[in-house]
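Undergrad: I have a structure here, written as structure tokens, and I will follow up with some questions on it.
The values are calculated or read from the model by the stated rules, or taken from the named source; none is laboratory data. Only a predicted model underlies this, so the values are computations on that prediction, with no experimental measurement involved. Methodologically, a virtual Cβ is constructed for each residue, glycine included, from the backbone with ideal geometry; neighbour enumeration extends over all protein chains shown. Areas reflect the complete protein model, heavy atoms only, side chains present, ligands, DNA and RNA absent. Shrake-Rupley method; radii C 1.70, N 1.55, O 1.52, S 1.80 Å.
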Amino acid sequence: MSDTPVDFDAPQNNAGAAARPPRATDPLAAINASPAVGDGGADMVQLLTPEGQRVPNATYDPIIGALTDDELRGFYRDLVLIRRVDTEATALQRQGELGIWASLLGQEAAQVGAGRALRPQDYAFPSYREHGVAWCRGVDPMNLLGLFRGVNHGGWDPHEKNFHLYTIVIGAQALHATGYAMAIQRDGDVGTDDPDRDAAVISFFGDGATSQGDVNEALVFAGVNHAPVVFFCQNNQWAISVPNEKQIPSPLYQRSSGFGFPGVRVDGNDILAVYAVSKTALDHARSGQGPTFIEAFTYRMGAHTTSDDPTKYRVSAEVEVWKHRDPIERFKAWLVREGIANRTFFDQVEAEADELAASVRKRCLAMEDPEPTAMFDHVYVEEHPLIEAEREQLRTYLASFEGSH
Amino acid sequence: MTATTSSTARQTMTIARGINSGLRAAMEKDPKVLLMGEDIGKLGGVFRVTEGLQKDFGEDRVIDTPLAEAGIVGTAIGMALRGYRPVIEIQFDGFVYPAFDHIVSQVAKMRARSLGAVTLPLVIRIPVGGGIGAVEHHSESNEAYFTHTAGLRVVCCANAEDAYWMIQQAIETDDPVIFYEPKRRYWDKGEVDTSAPQRGLYESRIVKEGSDLTLLAYGPMVKTCLQAAQVAEEEGRSLEVIDLRSLSPLDLPALIGSTQRTGRVVIVHEAPTFGGLGGEIAARLTESCFYHLEAPIMRVGGYNVPYPPSRLEEDFLPDLDRVLDTVDKSLSY
Ligand SMILES: Cc1ncc(C[n+]2csc(CCOP(=O)(O)OP(=O)(O)O)c2C)c(N)n1
Ligand SMILES: [Mg+2]
């Protein structure tokens, strides 16, 4: 992989980059012909190989060098804990406790790498799969489970942790993020050199979302306004059953040059690379130099959601290829090799994950359904006669059953 | 009733399979018919309604589109301008809105704007309604937006036979058609006579005859109303159940006829009642049947709130009890 520095001040060089694997004639041809096993190509920023070997990179090494061992161990803990929450949620769905669950399996490094590059005053706009970012922002996983259980539509206060509600309508949040960034500009909270004041926004979406008008319009608005926003696209190779080749006419990270700002492809399964690239882009935005498009090259290891059956449209051999690029294994190998973490630490994290999973399960089972009349709450700021009348109507109706069995 | 039909043409299938077979028949009949939508190819759609069609008709006629509803409807307009008959699948009701501009401003108006020179024979299929325990945007009933839009025809099937025939009739129609599919009933089975359609696309159907009160419904609520009528019958009340089938145009003569016979009407839909289709029907029936009415025309529908989280949807959606409750109110006049 390239250790060419990404020049954030210039539109990216578009030479070379489509990640098409060679057409092979061997028995693995079917797999090799699948674009979804591409390794990201030469332009992809990678600091850790799938084997956990550190790849030197003049631009990003100082950022990694500035991380303390504690912070690095913290990254590992984040990765393991959020994967465990995800596994538990999937199990809870199977047992009927959640209506549906969208797993982040395989995308932990992309999400934690970006999430840990944020400062408290930054603001994140997720899609529906960003459990790892939510975790980094300090959002209680129970909020996420509540939505998928069907007791609310999210229901957390986005301003509390600067983490917006999950957005299920594909791509809409890219515009909200851009508008939020334009408001930050108007507040003068960019380019002041005060690290506690300068703020950036990050918008998460998938490869499929890049087809939506909303996302492309967001890129235009961000570009013309030099808005302090980072577009963080997790290219997990699939949009439900639709692969990149049917969705994305040219490599995503090159797209932003047409909108007047830089783009970079990063190995989304390499937490060091994602952290370094995200931090660079966020600093760039906070300092008033405008947007960046990040394509985190990763893979959706599981089904689209628990309702999906991926065997209908993709070969399992593809998943096997990506297993070897697992984000947690490679980071663990590196931590061990560097002597940053030892057996005791890993055991502790495992134990903590077990505890967390047990608590998530317990709290999920204890999550009560809201009162039926709760559907009338919060629809309007001011009293609305129709709402009041219907709330009363439902209350009376429900009361008519009381006493009967 | 259909004694003349040969029994070999009768098949039992689900509503989903009915639409699938109807699409297949339409594609076999007319090479200009093509399908567009998200995940409709290899996957066969998230509800498997297009299962097997890409395999049999190829990627040129069953197009897995990029993830962009405005793009789908906009390019379908272009295809139609060159003589194709695109049948679009919108994955869920709540995801039609990115395409709303194209449907309302372009599809609906093209014929009038071109003084009749251009017709857009598009069909936009939308799985509609709740009751499947889904997350937000997957359970909406947005028919009123489209029935409010002149230039669109809006229909909704409620059983397998209608699924099979109505989709073919919609495709043959030269006007654009919004074709609603009751998603929670996709797996309900019914008998389909594949030899010939029993009625036109815009005709309503009396599902059960009755004399005391008329229940008007469409899509998922037809089954609910039929169950209500059966319960009422055990209690000695005779309810007529009519499946509207077409929401725009309305089969007003048939609705007026039933209203005049029973004198009482309850309209049932999942959509919130305020500004909904039920209000329009009530107004028109009142205008035509004022002296026949024994009670005000009543509506049972969703409450006027955003579709609630799934754990509350049973309280939001009209069910047997709420229908019967309103029937009692009407009968007590
Ligand atoms: C406007 C809209 N259309 C369709 C859908 C249905 N849908 C949900 S997820 C999805 C695919 C998204 O793919 P991608 O953007 O790559 O994100 P991923 O799920 O892979 O994380 C689709 C089509 C939707 N949620 N919103
Ligand atoms: Mg994707």
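Undergrad: Take residue A:373 and tell me if it is at pLDDT 95 or above, farther than 30 Å from residue A:93 by Cα and not in a loop (DSSP other than H, G, I, E, B).
TA: On the way: at pLDDT 95 or above: yes; farther than 30 Å from residue A:93 by Cα: no; not in a loop (DSSP other than H, G, I, E, B): yes.
Against the criterion (at pLDDT 95 or above, farther than 30 Å from residue A:93 by Cα and not in a loop (DSSP other than H, G, I, E, B)), residue A:373 does not qualify.
Listed here are the residues, each with its yes/no results for (1) crowded, with 23+ Cβ neighbours inside 10 Å; (2) away from ligand 2 (no atom under 16 Å from the Cβ).
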position: A:73; (1), (2): no, yes
position: A:77; (1), (2): no, yes
position: A:93; (1), (2): no, yes
position: A:113; (1), (2): yes, yes
position: A:116; (1), (2): no, yes
position: A:120; (1), (2): no, yes
position: A:130; (1), (2): yes, no
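Undergrad: Here's another thing I want to ask about it. Of the residues A:263, A:268, which is within 15 Å of ligand 2 (Cβ to nearest atom) and in contact with a helix residue (DSSP H, G or I) (Cβ under 9 Å, 6 or more places away or on another chain)?
TA: Values: A:263 fails: within 15 Å of ligand 2 (Cβ to nearest atom).
After ruling out the rest, the residue left standing is A:268.
Undergrad: Separate question: Hey, any hits in the stretch A:246-261 for a residue that's in a strand (DSSP E or B) and open to solvent by less than 20 Å² (accessible area, probe 1.4 Å)?
TA: Going through the stretch A:246-261, the residues in a strand (DSSP E or B) turn out to be none.
No, the stretch A:246-261 has no match at all.
Undergrad: Scan the stretch A:195-212 and report the pairs whose first residue is closer than 12 Å to residue A:295 by Cβ and of a type outside the set (Phe, Trp, Tyr) and whose second residue is open to solvent by 10 Å² or more (accessible area, probe 1.4 Å) and more than 16 Å from ligand 2 (Cβ to nearest atom), with Cβ atoms within less than 9 Å and a gap of 6+ or a chain change.
TA: What qualifies is A:210/A:216.
Undergrad: Continuing with this model, one more query. How about the stretch B:172-214: which strands (runs of 3 or more DSSP E) wholly inside it have at least 2 residues that are closer than 29 Å to residue B:282 by Cα and open to solvent by less than 10 Å² (accessible area, probe 1.4 Å)? Give the derivation first.
TA: Details: elements: B:177-182, B:189-193, B:205-208.
Counting at least 2 such residues, we get B:177-182.
Undergrad: Now, a different point. So residue A:198 ticks every box in (1) out of contact with any helix residue (DSSP H, G or I) (no Cβ under 9 Å at 6 or more places or on another chain); (2) more than 16 Å from ligand 2 (Cβ to nearest atom) but one. Which box is left unticked?
TA: Status for residue A:198: all satisfied but (1).
Undergrad: Moving to a separate point now. Considering only helices (runs of 4 or more DSSP H) fully contained in the stretch A:17-124, which possess at least 3 residues that are at pLDDT below 95?
TA: Details: elements: A:29-32, A:61-65, A:69-94, A:108-115.
Here the list reads A:29-32.
Undergrad: Go through the stretch A:224-245 and report how many residues are within 11 Å of residue A:256 (Cβ to Cβ) and open to solvent by 10 Å² or more (accessible area, probe 1.4 Å).
TA: 0
Undergrad: Give me the helices (runs of 4 or more DSSP H) completely within the stretch B:275-333, filtered to those with at least 2 residues that are away from every other protein chain (no Cβ under 13 Å), ordered by residue number. Even if it seems obvious, please write down each step before you answer.
TA: Working: elements: B:277-289, B:313-316, B:320-331.
The helices (runs of 4 or more DSSP H) meeting that bar are B:277-289, B:320-331.
Undergrad: Which one of these does residue A:151 not meet: (1) open to solvent by less than 30 Å² (accessible area, probe 1.4 Å); (2) within 16 Å of ligand 2 (Cβ to nearest atom); (3) not in a helix (DSSP H, G or I)?
TA: The one condition residue A:151 does not meet is (2).
Undergrad: Okay, next question. For residues in the stretch A:127-159 being within 13 Å of another protein chain (Cβ to nearest Cβ) and of a type in the set (Gly, Ala, Ser), which is nearest to residue A:201 (Cα to Cα)?
TA: Here the residue is A:127.
Undergrad: Kindly evaluate residue A:160 against the criterion of being open to solvent by 40 Å² or more (accessible area, probe 1.4 Å) and within 16 Å of ligand 1 (Cβ to nearest atom).
TA: Values: open to solvent by 40 Å² or more (accessible area, probe 1.4 Å): yes; within 16 Å of ligand 1 (Cβ to nearest atom): no.
Considered against the rule, which asks whether it is open to solvent by 40 Å² or more (accessible area, probe 1.4 Å) and within 16 Å of ligand 1 (Cβ to nearest atom), residue A:160 comes out as no.
Undergrad: Let me ask you something else. Could you please let me know if residue B:193 is farther than 20 Å from residue B:241 by Cβ, out of contact with any helix residue (DSSP H, G or I) (no Cβ under 6 Å at 6 or more places or on another chain) and not hydroxyl-bearing (Ser, Thr, Tyr)? Please lay out each step first, then the result.
TA: On the way: farther than 20 Å from residue B:241 by Cβ: yes; out of contact with any helix residue (DSSP H, G or I) (no Cβ under 6 Å at 6 or more places or on another chain): no; not hydroxyl-bearing (Ser, Thr, Tyr): yes.
Judged against the criteria, residue B:193 is not a match.
Undergrad: Look at residue A:139 and say whether it is touching a residue at least 12 places away in the same chain (Cβ under 8 Å), within 23 Å of residue A:80 (Cα to Cα) and part of a loop (DSSP other than H, G, I, E, B).
TA: Working: touching a residue at least 12 places away in the same chain (Cβ under 8 Å): yes; within 23 Å of residue A:80 (Cα to Cα): yes; part of a loop (DSSP other than H, G, I, E, B): yes.
Answer is yes for this residue.
Undergrad: Let me ask another. Within the stretch A:160-177, can you find the residues that are away from chain B (no Cβ under 13 Å) and on the phi > 0 side of the Ramachandran plot?
TA: A:162
Undergrad: Name the residues in the stretch A:292-322 that are out of contact with any strand residue (DSSP E or B) (no Cβ under 9 Å at 6 or more places or on another chain), within 15 Å of ligand 2 (Cβ to nearest atom) and in a helix (DSSP H, G or I), would you?
TA: Here is the first cut: in the stretch A:292-322, the residues out of contact with any strand residue (DSSP E or B) (no Cβ under 9 Å at 6 or more places or on another chain) are A:301-303, A:305-309, A:311-312, A:315-322.
If we keep only those that are within 15 Å of ligand 2 (Cβ to nearest atom) as well, we get A:301-303, A:305, A:308, A:318-319, A:322.
Those that are out of contact with any strand residue (DSSP E or B) (no Cβ under 9 Å at 6 or more places or on another chain), within 15 Å of ligand 2 (Cβ to nearest atom) and in a helix (DSSP H, G or I): A:318, A:319, A:322.
Undergrad: Provide a single number: the residues in the stretch A:201-223 that are touching a helix residue (DSSP H, G or I) at 6+ places or on another chain (Cβ under 7 Å) and more than 13 Å from ligand 1 (Cβ to nearest atom).
TA: The qualifying residues number 9.
Undergrad: In the stretch A:178-209, which residues are within 14 Å of another protein chain (Cβ to nearest Cβ) and assigned to a loop (DSSP other than H, G, I, E, B)?
TA: Within the stretch A:178-209, A:207 is the sole residue that qualifies.
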